[in-house]
C-alpha cells in the first residue's frame, strides 16, 4: 500500500488491550470512523484501565464498556493495516500476518501504567499517551 492511500480497516495492538490499543481504537473511530473500520487487541487478556477511561472521557470518547480481547478472539483478520504499539504486540502481529497481505507499522508508545505519583501525575501520563496517539492517527489517516 503506498503512503498516500488510506487503509479501509485498521487493527491496533498492545500487550493487554487495556490502555493504548483501546484508546487508539476510540480515537480512530471518532476521527475517521465513517471511512475506516478500527478494532484493537492485546497479546494477553486484560481489562480497560480506569485512567484510560478517564483520559478518553475528557475528549468525549467512552471506552468504559469496552471488552478487552486478544489476537485469538478476532473473528476476522482481514485488516489492511496492523499498528503495533509495543514490541511484544509487534512480534505477535508479525506472526499473525506472516502469510497475509497486510501492512504492519510499529508506533512505539509510552506505557503510562508504569508512572508512579499522585492521581493527577498518573492521569497526565495517560493524557500524554492519548494526545500522542491522536496526533499520529490524524497524521497517518488524514487525506493528503
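Taken together, the values in this text are just the output of simple stated rules run on the coordinates, not laboratory data. All values derive from a computational prediction rather than experimental measurement. For neighbour counting, all protein chains shown are included, and Cβ atoms are generated from backbone atoms with ideal geometry for every residue, glycine included.
Given the residues 100, 122, which is the only one that is farther than 24 Å from residue 31 by Cβ and without any contact (Cβ under 8 Å) to a residue 60 or more places away in the chain? Explain how you work it out, then say what you get.
Values: 122 fails: without any contact (Cβ under 8 Å) to a residue 60 or more places away in the chain.
Residue meeting the stated conditions: 100.
Answer yes or no: is there a residue in segment 11-18 that is more than 22 Å from residue 125 (Cα to Cα) and assigned to a strand (DSSP E or B).
Kept after step one, since they are more than 22 Å from residue 125 (Cα to Cα), are these residues of segment 11-18: 11.
Within this subset, residues satisfying the condition of being assigned to a strand (DSSP E or B) are 11.
Yes, segment 11-18 contains at least one residue that is more than 22 Å from residue 125 (Cα to Cα) and assigned to a strand (DSSP E or B).
Could you please let me know if residue 85 is surrounded by 17 or more Cβ atoms within 10 Å (Cβ to Cβ) and under 22 Å from residue 30 (Cβ atoms)? Steps first, please.
Values: surrounded by 17 or more Cβ atoms within 10 Å (Cβ to Cβ): yes; under 22 Å from residue 30 (Cβ atoms): yes.
Taking the combined requirement at face value, the residue satisfies it.
What number of residues in segment 108-121 are out of contact with any helix residue (DSSP H, G or I) (no Cβ under 6 Å at 6 or more places or on another chain) and buried (at least 16 other Cβ atoms within 10 Å of the Cβ)?
Step one: list which residues in segment 108-121 are out of contact with any helix residue (DSSP H, G or I) (no Cβ under 6 Å at 6 or more places or on another chain), which gives 108, 111, 113-114, 116-121.
Subset that is buried (at least 16 other Cβ atoms within 10 Å of the Cβ): 113.
Residues in segment 108-121 being out of contact with any helix residue (DSSP H, G or I) (no Cβ under 6 Å at 6 or more places or on another chain) and buried (at least 16 other Cβ atoms within 10 Å of the Cβ): 1 in total.
For the list (1) touching a strand residue (DSSP E or B) at 6+ places or on another chain (Cβ under 6 Å); (2) surrounded by fewer than 21 Cβ atoms within 10 Å (Cβ to Cβ); (3) on the phi > 0 side of the Ramachandran plot, I need the number of the one condition that residue 17 fails.
Residue 17 satisfies every listed condition except (2).
Every residue, every condition in (1) within 19 Å of residue 77 (Cα to Cα); (2) surrounded by 16 or more Cβ atoms within 10 Å (Cβ to Cβ), yes or no:
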site	(1), (2)
34	no, no
38	yes, yes
47	no, no
53	no, yes
57	no, no
62	no, no
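Please find, within segment 125-144, the residue that is farthest from residue 10 (Cα to Cα) out of those that are in contact (Cβ under 8 Å) with a residue 40 or more places away in the chain and surrounded by fewer than 10 Cβ atoms within 10 Å (Cβ to Cβ).
Among those that are in contact (Cβ under 8 Å) with a residue 40 or more places away in the chain and surrounded by fewer than 10 Cβ atoms within 10 Å (Cβ to Cβ), it is 144.
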